[in-house]
Amino acid sequence: MTKPKPVRVLAVTSGKGGVGKTNVSVNMATAFAQMGKKVMVMDADLGLGNVDVMLGLHPRYNLSHVISGERNLEEVVLDAPGGIKVIPATSGQQYMAELSQAEHAGLIRAFSELNSEVDVFIVDTAAGISDGVVSFAKAAQEVVVVVCDEPASITDAYALIKLLNLDHGIHRFRVLANMAQTHNEGRLLFSKLVKVTDHFLDEVVLDFMGSIPYDKYLLKAVKMQRPVVDAFPNAMSSRAFKEIAQRADKWPMPTAADGYLEFFVERLVQRSTGDDLFSQLL
């Protein structure tokens, strides 16, 4: 039997809402797809999902139907603009953010049966420091923290990094400055965050991914419900997303099972008690 190849798993997150995190997720995904990668985006804001809205999709089914057993995961996955696939979440259903152990186990089953070939798996998390955000960040290989030029964005990003580092042992974070007026502004935001983490967190390493410029074409693409990388490929923001995806493609790949979607979801739903729900299904 051929051993499945590792999958690059990125969790895109932020300390606060309103920094363009979902836009970053879908445009990075589209940029990867334009490089020939098979890309899937999971809307991990399970109770307030909006990836489908961002891409003009109208899903009949979503992850809530997988949890309930009404549909399998293959029936939920959608083809989206830009050549990517999307796993939509539901919106306005709080119970999805508070899944039971049995429902988590069903989600594991669903991912282990996913037949789609995937090179890059991007998880668009909720904003903030909820248990769900922490779980997705712990499960991914890379944590991308999106910041913008607002004081609350930097302070909340620091709070998220502090929590993930001190309480959950995550040491490396990739920082992306969004809606920057200039590249230097993005660098300055990164420097502000580094200054605080260096002072208070001894074992944190921050890597600057780059800046996404404030771009009228990005705003046009949002209104069109399309990724700017797809709608306006020559826009400044599109070029920035492509450069960032090319750099991310050079990050080290996993050599063991932590790149497999099954293991990703296993890690996602493990309880702090150490229970391995996945093993209960074998």
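Remark: the Glu117-Asp131 segment gains 2.2 nm on full extension, using 0.36 nm per residue and subtracting the alpha carbon distance. Among the listed pairs Lys195/Lys223; Lys21/Lys195; Lys85/Lys220; Lys162/Lys223; Lys85/Lys216; Lys16/Lys223, which have their C-alpha atoms separated by more than 32 angstrom in this model? Pairs exceeding 32 Å: Lys195/Lys223; Lys162/Lys223.
Judged by the mean number of other Cβ atoms found within 10 Å, the most tightly packed of the peptides 197-204, 80-87 leads the ranking 80-87, 197-204. Label point 7 Å out from Leu166 along Cα-to-Cβ: which residues of the range 184-212 have amide N under 15 Å? Only 196-204 pass the distance filter. Under 17 Å from a label point set 7 Å out along the Cα-to-Cβ vector of Phe200, the amide N atoms of the range 11-32 belong to 14-16.
Using the Cβ of Glu203 as centre and a radius below 15 Å, the other residues enclosed give a net charge of -2, where K and R count +1 and D and E count -1.
Peptides 208-219, 118-129 ranked from most to least packed by the mean count of surrounding Cβ atoms within 10 Å: 118-129, 208-219.
No lab work stands behind these numbers, since they all come straight from the coordinates. These numbers come from a predicted model, not from an experiment. Positions of Cβ are backbone-derived with ideal geometry, glycine not excepted, and every protein chain shown enters the neighbour counts.
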